[in-house]
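Trainee: Take a look at this one; I'll ask things after.
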């Protein structure tokens with residue numbers, strides 16, 4: 001399961017007791033979930049009015065940041081053109097210095113800071129979430145909650161804008177290359193012939209004669225050989241040659257006098273032979289090949305830097321997203337449980353088969369926190385036209401979902 005439930009409950013005599021109660025209810029007596037403490041630092045509370053307004057703003061920011069995280073992840077999948085598992089290997093988060101001692105073997109680079117070697121440890125998303133540590137450097141806790149949310153908003157908006165620009169440039173390049181590749185890989189009726197024909201296949205610079213290219217179905221080869229000389233007047237005898245075959249057809253040359261072109265086209269079509277509109281032009285064919293080479297080279301040059309940018313900025317966006325979740329838990333917990341700040345944030349990874357049972361256990365554990373939640377939960381089980389209560393996710397405890405399954409593979 002890549003789905004997590006980020007919840008909080010008020011501290012009892014101590015927050016440790018709150019934690020122990022949850023562990024007893026969900027893991028020690030049964031196997032409903034895997035749990036971790038979710039560490040949120042002492043943030044500045046501010047006024048009640050600010051918290052109420054910020055609660056709504058954070059909900060919108062949460063949705064926006066999640067959408068950017070998913071866009072970066074999906075675009076990485078599009079660029080890598082690989083399987084889900086291979087793409088997932090590149091969707092990592094910077095675990096920071098806190099995981100250095102545990103995960104030294106997975107470091108990606110060394111940074112020398114104040115004569116100390118620190119490691120930028122890239123970890124999988126589940127590891128990052130379950131071992132979450134607030135990034136004091138990016139999001140200073142001396143700042144107000146409002147300022148921290150604005151830092152995240154500005155950072156992720158920049159990633160979103162950069163992604164649009166980079167994706168547009170790369171997609172245009174990729175699209176142009178694919179168009180040329182399609183021209184070189186289609187059927188003989190439509191594909192480019194530049195890599196098939198040679199100069200010696202044609203009568204060139206003749207005032208009277210012209211060499212034409214005809215696509216003949218394989219089932220009609222015998223008919224072609226028998227009739228091509230008589231399809232029009234002034235066709236040069238024994239002038240046909242097979243240049244190329246695909247699975248369905250063959251490409252033949254035939255030489256005739258220019259004045260017979262129209263008549264030859266008409267009779268060829270009546271006999272299910274297709275004359276290709278083609279004039280041998282060495283310069284144009286050379287330019288097409290050079291364009292293909294240029295586009296292919298440019299794509300390879302852009303691929304590496306683009307993938308590196310996607311990795312770095314996916315990590316940045318994902319980290320920002322989890323910090324927004326932490327902010328939401330903090331704000332909502334203060335609004336629900338009051339001051340002084342005294343709550344335990346907990347990250348639950350429910351077992352898929354026991355999710356319903358898990359909800360029941362949590363409800364029994366925390367129903368005393370909010371009696372109105374009981375009415376909402378009871379009504380949500382009913383089908384009341386027009387109310388859509390089943391769409392709400394409100395519980396007597398603070399709850400937010402984190403789904404680390406970010407890829408949409410068709």
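The values are calculated or read from the model by the stated rules, or taken from the named source; none is laboratory data. Just so it is clear, the model here is predicted, and its values are computed rather than measured. Positions of Cβ are generated from backbone atoms using ideal geometry, with glycine treated the same way; all protein chains shown enter the neighbour counts.
Trainee: For region 70-79, state whether one or more residues are in contact (Cβ under 8 Å) with a residue 60 or more places away in the chain, under 30 Å from residue 364 (Cβ atoms) and buried (at least 18 other Cβ atoms within 10 Å of the Cβ).
Mentor: No, there is no match, as no residue in region 70-79 is in contact (Cβ under 8 Å) with a residue 60 or more places away in the chain, under 30 Å from residue 364 (Cβ atoms) and buried (at least 18 other Cβ atoms within 10 Å of the Cβ).
Trainee: Within region 198-239, track down each residue that is surrounded by 18 or more Cβ atoms within 10 Å (Cβ to Cβ), out of contact with any helix residue (DSSP H, G or I) (no Cβ under 8 Å at 6 or more places or on another chain) and in a loop (DSSP other than H, G, I, E, B).
Mentor: 202
Trainee: Next question. Mind telling me which of the residues 188, 251 ends up being at pLDDT below 95 and surrounded by 13 or more Cβ atoms within 10 Å (Cβ to Cβ)?
Mentor: The conditions single out 188.
Trainee: Looking at region 147-172, which of the residues that are more than 17 Å from the chain's Cα centre (by Cα) and surrounded by 17 or more Cβ atoms within 10 Å (Cβ to Cβ) is farthest from residue 68 (Cα to Cα)?
Mentor: Looking at the filtered set, the residue picked out is 148.
Here is a yes/no grid of residues against (1) closer than 30 Å to residue 194 by Cβ; (2) part of a loop (DSSP other than H, G, I, E, B):
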site	(1), (2)
264	yes, no
280	yes, yes
307	no, no
311	no, no
315	no, no
330	no, no
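Trainee: If the requirement is being in the same structural domain as residue 229 (by TED's automatic domain parsing) and in contact (Cβ under 8 Å) with a residue 24 or more places away in the chain, which of these qualifies: 156, 152, 203?
Mentor: Only one candidate qualifies: 203.
Trainee: Something else now. Name the single residue, out of those in region 260-271 being in contact (Cβ under 8 Å) with a residue 40 or more places away in the chain and either more than 23 Å from residue 200 (Cβ to Cβ) or not assigned by TED's automatic domain parsing to the domain that holds residue 207 (or both), that is surrounded by the most Cβ atoms within 10 Å (Cβ to Cβ).
Mentor: 268
Trainee: Can you name the condition, by its number, that residue 328 falls short on among (1) assigned by TED's automatic domain parsing to the domain that holds residue 137; (2) touching a helix residue (DSSP H, G or I) at 6+ places or on another chain (Cβ under 7 Å); (3) modelled with pLDDT under 95; (4) under 30 Å from residue 92 (Cα atoms)?
Mentor: (3)
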